[in-house]
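Below is one structure; the comments refer to it alone.
Coordinate-derived values only; no laboratory data. Note that the coordinates shown come from a computational prediction; the quantities given were computed from them, not determined experimentally. Virtual Cβ from ideal backbone geometry, glycine too; neighbours counted across all protein chains shown.
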Amino acid sequence: MSIEPKYELDNTVVGDSWRMFRIMGEFVEGFDALSTVESPAVTIYGSARTPVDHPWYTLTVDIARDLARSGYAIITGGGPGIMEAANKGAAEGGAVSIGLNISLPHEQDPNPYANFPLHFKYFFVRKVMFMKYSMAFICMPGGFGSMDELFESLTLIQTKRIKPFPIVLVGSSFWSGLVEWLKESFIENGTISEKDMELFKIIDDHEEVVEYIKKTVIV
């Protein structure tokens, strides 16, 4: 019986057993590095495709800068767009600016503003780092990746696999359609409860976002 070899993104032939050691190595490196960050950390999610001149980019810089000046470290996915904006604001605010970059078939270049960069091959290892070392999530407008990270955090809190923490959706014009869909399709059909809608908060103003984090996550 012949078994087809499996390939990583760098075209290296590996089997499942050796892949396990790579995965373990990423967990160890991530835990060792992030456990040294003393400030409470806030993760900021959002689209990698947001241009520098977009209002969402500017808003993200302002939020991250104000949080940094208030004593919070900032964690992002380490790439361009909203991630770059958050790392930029954190760096300008004098905080630890963490970028958890990921290898993709079309390479995601790390942004230059992360002063604490880490690199991951596996999405699920990277997501564990977000969950374990973040005290709050701020979700800016984003795509499939941002939705994945948002709903995984909501699922883990809903099922009591992790302790509840603040989740802020920034931009009612972007998120209101999703919220209405949850109410009309999920709540009305009984797939979630009305109480589950309390797991997140929608805020528009950057100063209100910062004040909400400061009230719920004490430095």
With springs only between Cα atoms under 10 Å apart, run a GNM on the chain and tell me which of I157, I44, I192 wobbles the most. I192
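Fewest first, what order do M20, M131, M83 take by the number of other Cβ atoms within 10 Å?
Details: M20 11, M131 16, M83 30.
Least to most surrounded, the residues fall as M20, M131, M83.
Work out how much length L199 to W18 would gain on full extension: take 0.36 nm times their residue separation and subtract the Cα-Cα distance, in nm to one decimal.
Values: separation 181, 0.36 × 181 = 65.16 nm, distance 3.89 nm.
Stretched fully, the L199-W18 segment lengthens by 61.3 nm.
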Expected output is a single nm value to one decimal: the length gained when fully extending between R69 and A33, i.e. 0.36 nm times separation in residues minus the C-alpha distance. What is it? 10.7 nm
How many angstrom separate the Cα center of segment 151-173 from the Cα center of segment 68-130? 20 Å
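Of the DSSP beta bridges with both residues in segment 6-216, give the percent that are antiparallel, rounding to the nearest 5. Write down the numbers at each step before the final one.
Values: 2 of 23 bridges.
Percentage antiparallel, nearest 5: 10.
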Sorted by Cβ density within 10 Å, fewest first, the residues S176, S146, S97: S176, S146, S97
Which of E29, E194, E84 has the fewest Cβ neighbours within 10 Å, and the rest in rising order: E194, E29, E84
Can you tell which of S173, S39, S134 shows the greatest fluctuation in a Gaussian network model of the chain with Cα springs below 10 Å? S173
When the chain is modelled as a GNM with alpha-carbon springs shorter than 10 Å, which of G71, G143, G79 fluctuates the most? G143
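Suppose the chain between E92 and F123 were pulled fully straight at 0.36 nm per residue; how much longer would it get relative to their current alpha carbon spacing?
On the way: separation 31, 0.36 × 31 = 11.16 nm, distance 2.80 nm.
Between E92 and F123, full extension yields 8.4 nm more.
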So what is the relative contact order for segment 6-216, in percent, with contacts set as C-alpha pairs under 8 Å and at least six apart? 18 percent
Dipole moment magnitude, nearest 20 debye, the chain about Cα centre, only Lys, Arg, Asp, Glu C-beta charged: 580 debye
